[in-house]
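The values are calculated or read from the model by the stated rules, or taken from the named source; none is laboratory data. Predicted, not measured: the structure shown is a model, and the values here were computed from it. We place every Cβ from the backbone using ideal geometry, glycine too, and count neighbours over all the protein chains shown.
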């Protein structure tokens, strides 16, 4: 008995009509390199590219933020005013560089030291290490408000300790000479654990053979650290410095919550100055020009740090 294959006439019309057409899944497979990244690319375009382009466009205009008054094109007047006549901006840039430079220096030294400490075994290591990372995972504004209370000259814990020890009272947040250093110390307290963790990960990945060979040859602990461990740790340390360096010069929350750039302009960095120009003085166009200048500074510093990271390892 022979079974006959059903003819096209007996098949559903939809199957006959769709014969020879590629299925939709095949089209998705061919276009996957465009279809799947599209949502992320569109999100990036809307949330990042458009604000940057709009800020650049606004930097060539004068606008007070009033809906009734549209932006007025003024060409390069904002940039001329900022670069040639605005000494307050240059002072803000200088404070920003001091804040970022000293902060990174303190955090790197302390972070590497803490990483070397926690790389060793000692009782209660896990508990102490967990406590050490708490500042890093706490909201910066909460940290700022907490330290503001701690440094309060009438009710703060540190002024009280100074009083009991007979030490002279220090106006940590009201003295223009030390307010920036106080903010640097608070930022160091918060972000040193980040450098510690990155360095600790680098320590865990170091090979044991060079260290064992150095100990057999009679090298001291300092020689092992300076000649072997530190050069091998350089990539991890430079990654930590790169991440913190870019973030430190953009710090806004701690400074604004603790001093708002005061007393006077003693702690006013570039971020604080741009914020005041935009929202206190209603100079939206001028603030946009300052943001463009700030973006260029951050980009140049990031390129310098990347270049240092790719530079050949030093030989102490």
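Some values worked out for this structure:
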| item | result |
| --- | --- |
| Any hit, region 58-77, residues being assigned to a helix (DSSP H, G or I), free of Cβ contacts under 8 Å to residues at least 12 places away in the same chain and exposed (fewer than 10 other Cβ atoms within 10 Å of the Cβ) | no |
| Count - residues of region 78-92 that are free of Cβ contacts under 8 Å to residues at least 60 places away in the same chain and assigned to a helix (DSSP H, G or I) | 5 |
| Residue check, residue 39 at pLDDT 85 or above, assigned to a helix (DSSP H, G or I), exposed (fewer than 10 other Cβ atoms within 10 Å of the Cβ) and out of contact with any strand residue (DSSP E or B) (no Cβ under 8 Å at 6 or more places or on another chain) | yes |
| Test: residue in region 186-196 that is more than 29 Å from residue 139 (Cβ to Cβ), touching a residue at least 24 places away in the same chain (Cβ under 8 Å) and under 24 Å from the mean Cα position of the chain (by Cα) | no |
| Flag if residue 71 is modelled with pLDDT under 95 and touching a strand residue (DSSP E or B) at 6+ places or on another chain (Cβ under 9 Å) | yes |
| Region 200-225, residues that are outside any helix (DSSP H, G or I) and either under 29 Å from the mean Cα position of the chain (by Cα) or within 27 Å of residue 306 (Cα to Cα) (or both) | 205, 206, 207 |
| Verdict on residue 154 being more than 25 Å from residue 232 (Cβ to Cβ) and surrounded by 15 or more Cβ atoms within 10 Å (Cβ to Cβ) | no |
| Residue satisfying all of: in region 226-243; crowded, with 17+ Cβ neighbours inside 10 Å and more than 25 Å from the chain's Cα centre (by Cα); nearest to residue 196 (Cα to Cα) among these | 229 |
| Residues (surrounded by 14 or more Cβ atoms within 10 Å (Cβ to Cβ) and part of a helix (DSSP H, G or I)) located in region 161-173 | 162 |
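For every residue, the table says whether it meets (1) touching a residue at least 24 places away in the same chain (Cβ under 8 Å); (2) within 17 Å of residue 106 (Cβ to Cβ).
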| position | (1), (2) |
| --- | --- |
| 213 | no, no |
| 217 | no, no |
| 220 | no, no |
| 227 | yes, no |
| 233 | yes, no |
| 240 | yes, yes |
| 245 | yes, yes |
| 251 | yes, yes |
| 254 | yes, yes |
